[in-house]
């Protein structure tokens, strides 16, 4: 058990080191810009996804959805 | 075994919490602190007088307290136009000149697999309207955002109820988010032209992880799994099958050798996606790249590539352009028509299960007015248009069933307004 714990601790440290970029709080201005957001307009994004879903056989991606048969 | 798993999880949690920076220090971002209203009109039009859809949508988000917000989405779709109902061998289709359907099938001829196929369309269909609504809330607790919503969607031939539950964890000084979502849909299908009452249940599972890579780039990874169980056929689509045993349980489709399609009643779908945004300092713009891989238990696999370029033109104007490419392989039971019965009794000639590719390009213009009036904080208006071409030849790799029957183009326009109070 102790070896498990040690291994997980090492993995956690490695993960945090890998996932923590060297950015100070005052350097986050660009990240807060609207252009840096993955979804700028929820309605437009849902409209496009709905149309793609009704013409293509694939689902999934960066958000889930449902409803409607897209029979036509 | 369960106990071992639990203690491993606990060990991981303890190890994670022991590290500086992982303890919750700041409130979760992107909270709704003021009411927001969105409204959108969209128009979808296919070439050759095929389907046209008018879509009206809205969102109302209302903060109840510092940590609780409720949100409601609604949609009204109205569609009209002709849609393909059957593909069949050209040599046996008896067509009345000028009519879009067929008047009969010549069953005296024997059809071969390499024959030219023809697509049979419905006449201009009556208008049909779908009404959809969902209501949900999100609750912020330290670095966690919990969400839940319920939905209902109703058409003359389709009724769907569903729910979604989600949790998002913002951690590591907000450099990371981890999200998990689960939902179900319960659908009832009762086509207007047939005596049929069927049901279907969907289960969705979604996992997401985002990472701030540098002060000018972010990355997002997502994976999803969907399981469909029940009636998965399209109740209006038909297939041409030659020499089908009369004892089959397929429903006849009005003409000799024509039957209603029959798909498997279970489907597993998996997808993995990657999105990356890079800021371009000297242009003050950003570029986003998306890729999605999809696979299902019907042997359909697909690749989706998308690039989005966002260019602010001034303090309040923004131009967004996008390019998307999609390619899918066909379902294992798909054929334009069947010259003999399939051993598993599964048949579909629906063009959505065929192998094809889609290439799309679009632009969008946005104008925002800050502090627009005494009551509103900002008003944003958006106009967008996207053109897509759907063709068998655009598919990646070799085509298994030659089918350029369903090549068509479509355009999607949208205009939306977003009001923040």
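All of the numbers you see were taken from the coordinates with simple rules; none came from a lab. The structure presented is a predicted model; accordingly, all values stated were derived computationally and were not measured. Cβ coordinates were reconstructed from backbone atoms using ideal geometry, including for glycine residues, and neighbour counts include every protein chain displayed.
At-a-glance table
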item: Other protein chain Cβ atoms within 10 Å, averaged over every residue that makes up A:5-11; result: 4
item: Two-decimal Rg/Rh across the range B:110-213, once Rg and the Kirkwood Rh are taken from alpha-carbon atoms; result: 1.22
item: Kirkwood hydrodynamic radius over Cα pairs of the range B:43-90, then Stokes diffusion coefficient at 10 °C and 1.306 mPa s, in µm²/s; result: 112 µm²/s
item: D (Stokes-Einstein, µm²/s), Kirkwood Cα radius, the range B:147-274, 1.306 mPa s at 10 °C; result: 89 µm²/s
item: Descending semi-axes in whole angstrom, ellipsoid equivalent of the protein assembly as shown, from the Cα gyration tensor; result: 44, 27, 21
item: Label-point separation, residue A:7 to residue B:146 (7 Å along Cα→Cβ), nm; result: 3.3 nm
item: For the range B:100-160 and the range B:270-333, distance of Cα centres in Å; result: 24 Å
item: R0 of 35 Å, Cβ-Cβ distance residue B:332-residue A:39: FRET efficiency to nearest 0.05; result: 0.55
item: Space enclosed by the convex hull of the alpha-carbon atoms of the range B:169-240, per residue, Å³; result: 142 Å³
item: Space enclosed by the convex hull of the alpha-carbon atoms of chain B, per residue, Å³; result: 186 Å³
item: Relative packing of peptides B:59-69, B:347-357, B:81-91, B:218-228 - highest average C-beta neighbours within 10 Å first; result: B:347-357, B:81-91, B:218-228, B:59-69
item: Between helix B:2-18 and chain B: long-axis angle, C-alpha atoms, 0 to 90°, nearest 10; result: 40 degrees
item: Approximate spin-label separation residue B:249-residue B:60, in nm, with each point projected 7 Å along Cα-to-Cβ; result: 4.7 nm
item: 222 nm mean residue ellipticity, helices alone, for the protein assembly as shown (DSSP H n ≥ 4; -39,500 (n - 2.57); rounded to 500); result: -3500 deg cm²/dmol
item: Equivalent ellipsoid semi-axes, the range B:267-334, via Cα gyration tensor eigenvalues times 5, rooted, Å; result: 35, 11, 8
item: The range B:34-420: relative contact order in percent, alpha carbon pairs under 8 Å with at least 6 residues between; result: 13 percent
item: log₁₀ of I(q)/I(0) at q = 0.18 Å⁻¹ - the range B:128-177, Debye sum with one point per alpha carbon; result: -0.65
item: Span from the the range B:196-210 Cα centroid across to the the range B:39-65 one, whole angstrom; result: 22 Å
